[in-house]
Amino acid sequence: MYHEIIMSGVGGQGIMVIGSLLAQAAFMENLNVTYTPIYGVEKRGGHADCTVVISSEEIGSPIVDSPQSCIIMSRPSLGKYGPRVKPGGFLLLNSSFVDPLEVRRKDLDILSVPALEIAQTLGNDRLSNMVIIGAFVEKTRVVSLDTLAAALSQIFEEHYHHLLPANAAAISKGAEYARNSFHQ
Amino acid sequence: MKQVFKRPRSLKDVSFHFCPGCHHGTIHRLVAEAIDYYDLRERTIGVAGVGCSVFVYEYFDIDVAEAPHGRAPAVATGLKRALPDRIVFTYQGDGDLASIGMSEIVHTANRGENLTVIFVNNTVYGMTGGQMAPTTLLGQPTTTSPYGRDFLQNGYPIRMAEMIATLEGTSFCARVALNTPANLMKAKKTVRRAFEMQMNNMGFSFVELLASCPTNWGMNPLKANERVEKELIPYFPLGTFKERKGTDHQ
Amino acid sequence: MEKRLFLRGNHALAIGAIKAGCRFYFGYPITPQNDIPEFFSKQMVKVEGCFIQAESEVASINMILGASAAGARAMTSSSSPGLSLMQEGLSYLAGSELPAVVVNINRSGPGLGGISASQGDYFQATRGGGHGDYRTLVLAPSSVQEMHDLTLLAFDLADKYRNPVIILADAVLGQIQETMVDRPYQPLELPPKDWILAGASGRDPRLIKSLYLKEGEMERHNWKLFEKYQRMKREDVRHENYLEEEAELIIVSFGTAARVAKSAIRLARAEGLKVGLFRPITLFPFPEKALFDLSQRVKRFLTIEMNTGQMVEDVKLSVARDADVHFYGHAPGSPPAPEELLNALKKVY
Ligand SMILES: Cc1ncc(C[n+]2csc(CCOP(=O)(O)OP(=O)(O)O)c2C)c(N)n1
Ligand code: SF4
């Protein structure tokens with residue numbers, strides 16, 4: 001297995017959190033993994049991207065031009081990375097912020113998840129990122145959902161541990177949404 | 001309709017990239033207003049220190065040179081000596097001026113260089129992500145003083161304006177704040193006065209502005225303004241510490 | 001006991017330093033290496049060590065000179081503009097024969113440049129950098145594991161040779177997180193530190209200095225240093241080969257660029273192209289002999305660097321006369337992607 005993922009959005013959406021969460025889960029499954037954060041220049045509202053490479057072999061480049069999968073959380077991110085996903089690759093859209101109709105490519109496996117709306121049913125907008133990563137893992141199976149949830153306690157500092165159940169619930173919601181939707 | 005809030009001519013028509021509530025934007029405006037007030041735009045040269053303010057060239061519609069971190073007063077000295085009839089100012093943060101650039105600022109003041117220094121004291125390193133500055137208050141946690149600044153470990157916060165005032169070469173030296181409308185008015189007058197000193201060949205002028213950095217203080221802009229009043233001003237008192245009159249600077 | 005950890009390069013390096021017994025860290029903030037001083041500001045108190053945020057890089061490097069003269073393991077870290085300010089101190093450290101570990105998380109330049117990854121400081125690191133006739137050992141990690149392991153080695157080599165050691169990494173290596181095996185530290189056998197300053201009690205006073213004014217003294221000192229650099233070349237050259245057997249084209253690359261090159265080589269191999277990698281781990285001493293030996297067999301080399309051409313000069317000096325040396329440079333911005341390097345290597349294959 002050699003799976004490259006780019007996640008992209010704007011600062012404040014929790015992209016880095018789900019990137020390191022997925023990487024942590026892969027680590028816990030004894031896979032090789034690299035996680036590379038890329039910050040924009042501006043402190044706020046700028047681009048926030050990260051790249052995760054998960055593999056059973058030694059990982060060469062932690063930097064990827066055309067990934068197998070892409071998680072897109074904002075319109076500018078779609079313009080930047082949409083064209084770069086490998087033919088036949090997987091594109092996961094946060095359709096609360098990106099209109100799936102804007103995707104022009106026909107050669108991709110696409111899943112749209114209204115993450116904000118789903119997070120709102122859980123009573124917390126800020127769980128959108130967890131909904132997204134739950135859906136992603138459900139579809140790609142790069143790690144197991146159980147490991148993903150277990151990794152939460154590793155990436156959140158102790159004084160945030162009271163938030164773990166809510167985050168785990170959001171992951172489940174995302175996975176459930178993915179299970180019940182068929183690819184367009 | 002009468003325009004009440006006008007962009008100074010010396011500022012470009014672009015919006016600031018600074019974080020919400022950051023005082024850098026206000027200070028840019030004060031400096032630009034002083035330049036416009038005396039109609040100095042065409043003969044003013046700015047020197048940017050390295051910090052969040054390095055982007056002054058993005059906002060000021062004037063000639064600007066970038067200096068290595070802390071060296072702005074030396075670069076300004078070179079410019080002013082080569083162009084004595086131009087107006088030269090530096091714009092520096094507290095890491096830039098009071099840490100790495102301590103030597104340059106002291107010697108530039110001591111030589112009585114006829115230039116103006118705008119010193120932004122926000123008690124942290126803004127651009128690099130909130131490390132301790134020489135002006136960080138005792139007990140204040142930063143990313144490199146995680147347990148709070150402790151004098152045994154890190155020494156005391158430096159009062160630059162008072163220190164610069166002790167140098168014979170200094171002609172004008174003041175500290176102002178921007179947290180209330182009254183303080184803002186005083187700050188505006190003080191910055192003007194500093195440029196006026198230079199225009200009159202009175203020698204070295206220095207204005208320290210107590211500023212907020214809501215991002216690295218972990219506060220919203222309102223709370224940050226309160227911190228200026230409650231914590232900064234008591235340790236860094238406002239006022240004019242030195243002002244030569246007439247022509248007694250030779 | 002070996003433990004698997006998942007952490008970022010800058011932290012792996014800092015953990016390595018503490019494990020190697022470094023208890024004195026002096027540094028000044030600069031992106032993209034701030035997580036190193038920030039780590040030490042938290043951790044040093046826990047091991048009764050000393051962390052000082054110096055007023056400048058000039059001060060940091062000279063604080064090291066002091067701590068090192070006292071016999072302590074001391075280090076600093078910075079990024080390109082900071083390293084420029086340290087060159088005077090590095091020259092004094094080399095001249096006074098003092099061990100020190102100095103980390104450069106290379107960002108782009110010249111001048112204030114940018115904070116993106118770059119290998120533009122290769123010349124500065126490998127040519128001495130400051131004034132005078134001296135060299136520093138230069139180690140170039142290429143993974144989080146090596147950020148840790150080479151830090152352990154750096155402290156040993158610094159003591160072995162009484163010479164500064166530079167760890168030359170970049171923003172990517174500092175920031176990426178990956179798996180690292182947390183091995184115990186097994187120090188090299190090192191000479192006793194019979195030169196340290198501690199007060200002349202019961203012995204003649206000692207001096208740590210680099211000023212030599214007496215007739216012939218400076219010349220002797222320079223040749224003594226030269227002999228030391230020759231010994232480094234004999235005993236402490238390191239490199240890695242990857243798929244170089246039967247290769248028709250060898251890529252020579254270090255650090256982050258070498259990792260990306262590995263991926264490009266895999267893509268090339270999938271297309272049936274016989275490409276291999278030669279990765280210098282010590283940039284000084286440069287693995288010139290191993291590269292020369294390889295050039296007896298392989299006649300085409302492609303040097304890939306994240307700059308406009310620096311190490312390529314050492315590659316040209318190392319290989320046999322009848323081998324071709326090509327260059328592909330990726331100037332700073334973002335690091336190159338494997339596909340870009342694949343295209344580059346196809347052009348010279
Ligand atoms: C020689 C050198 N060392 C370090 C840096 C990194 N650096 C950039 S800005 C800065 C400090 C910024 O703090 P301050 O001067 O207080 O300005 P602020 O960002 O708070 O406005 C530092 C240390 C550099 N650019 N050059
Ligand atoms: S980091 Fe601080 S000083 Fe810099 S722009 Fe933001 S609020 Fe202003």
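No value in this document is a laboratory result; all are computed from the given coordinates. Keep in mind the model is a prediction, meaning the values are calculated, not measured. Note: ideal-geometry Cβ built from the backbone for every residue, glycine included; neighbour counts use all protein chains shown.
Summary table
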{"item": "Amide hydrogen neighbours beyond the local backbone of C:Ala74, cut-off 5 Å, H modeled", "result": "C:Val101"}
{"item": "Residues with amide H under 5 Å from that of C:Leu137, placed H, sequence gap 5 or more", "result": "C:Ile166"}
{"item": "Cα gyration tensor shape of the stretch B:1-57, rounded if a/c is under 1.5, else prolate or oblate by comparing a/b with b/c", "result": "oblate"}
{"item": "Cα shape, chain C, gyration tensor, a/c 1.5 rule", "result": "prolate"}
{"item": "Centre separation in Å (Cα based) which lies between the stretch C:103-141 and the stretch B:126-141", "result": "28 Å"}
{"item": "Shielding by partners - mean other protein chain Cβ count within 10 Å, residues of C:333-340", "result": "4"}
{"item": "For A:Asp65, distant residues with modelled amide H under 5 Å away", "result": "C:Glu339"}
{"item": "Inter-part distance where the stretch C:312-342 and the stretch C:157-199 are each reduced to a Cα centre, Å", "result": "28 Å"}
{"item": "Calculated Rg and Dmax of chain B using C-alpha coordinates, Å", "result": "17.0, 60"}
{"item": "Sorted peptide list for C:133-139, C:193-199, B:33-39, criterion being average Cβ within 10 angstrom, highest first", "result": "C:133-139, B:33-39, C:193-199"}
{"item": "DSSP-loop GluC sites (Glu not before Pro) across the stretch C:46-150, with at most 15 other Cβ within 10 angstrom", "result": "C:Glu48"}
{"item": "Reciprocal mean inverse distance between Cα atoms of the protein assembly as shown - Kirkwood radius, Å", "result": "28.6 Å"}
{"item": "Positive minus negative residues near A:Met28 (Lys, Arg vs Asp, Glu; Cβ under 13 Å)", "result": "-1"}
{"item": "Kirkwood hydrodynamic radius over Cα pairs of chain A, then Stokes diffusion coefficient at 4 °C and 1.567 mPa s, in µm²/s", "result": "80 µm²/s"}
{"item": "Separation of alpha-carbon centers, the stretch C:82-101 and the stretch A:152-184, rounded to whole Å", "result": "50 Å"}
{"item": "For the stretch C:101-211: rounded, prolate or oblate by the Cα gyration tensor [a/c cutoff 1.5]", "result": "oblate"}
{"item": "Relative pair counts by distance (%), Cα atoms of the stretch C:239-348, 10 Å bins", "result": "16, 54, 28, 2"}
{"item": "Computed FRET value (nearest 0.05) for B:Asp85 with C:Arg206, which takes r as the C-beta separation and R₀ as 35 Å", "result": "0.05"}
{"item": "³J(HN,Hα), Karplus 6.51/-1.76/1.60, whole Hz, each residue of the stretch B:33-50, x for Gly, Pro", "result": "5, 5, 4, 5, 4, 9, 6, 9, 3, 6, 10, 10, 10, x, 10, 8, x, 9"}
{"item": "Normalised alpha carbon radius of gyration of the stretch B:1-147 [divisor 2.2 N^0.38 Å]", "result": "1.09"}
{"item": "Average beta-carbon neighbours from other chains, 10 Å sphere, peptide C:57-65", "result": "1"}
{"item": "B:Lys6-A:Asn124 FRET efficiency (beta carbon distance; Förster radius 41 Å; 0.05 resolution)", "result": "0.40"}
{"item": "Peptide C:21-33 - average C-beta neighbours from other chains (10 Å radius)", "result": "3"}
{"item": "Under 26 Å between alpha carbons - lysine pairs in the stretch B:24-243 that sit 8 or more apart or on different chains", "result": "13"}
{"item": "Mean ellipticity per residue at 222 nm, deg cm²/dmol - from DSSP H runs of n ≥ 4 across the protein assembly as shown, formula -39500 (n - 2.57)", "result": "-11000 deg cm²/dmol"}
{"item": "Low-density loop cleavage sites - GluC sites (Glu not before Pro) in the stretch C:260-305, where at most 16 other Cβ are within 10 Å (DSSP)", "result": "C:Glu271"}
{"item": "Among C:Thr151, C:Thr282, C:Thr308: highest mean-square fluctuation, GNM of chain C, C-alpha pairs under 10 Å", "result": "C:Thr308"}
{"item": "Computed magnitude of the charge dipole of chain C (debye, nearest 20; Cβ of K, R +1, Cβ of D, E -1)", "result": "340 debye"}
{"item": "At most 11 other Cβ within 10 Å, DSSP loop - GluC sites (Glu not before Pro), the stretch C:158-228", "result": "C:Glu189, C:Glu215"}
{"item": "Sorted peptide list for B:169-180, B:12-23, criterion being average Cβ within 10 angstrom, highest first", "result": "B:169-180, B:12-23"}
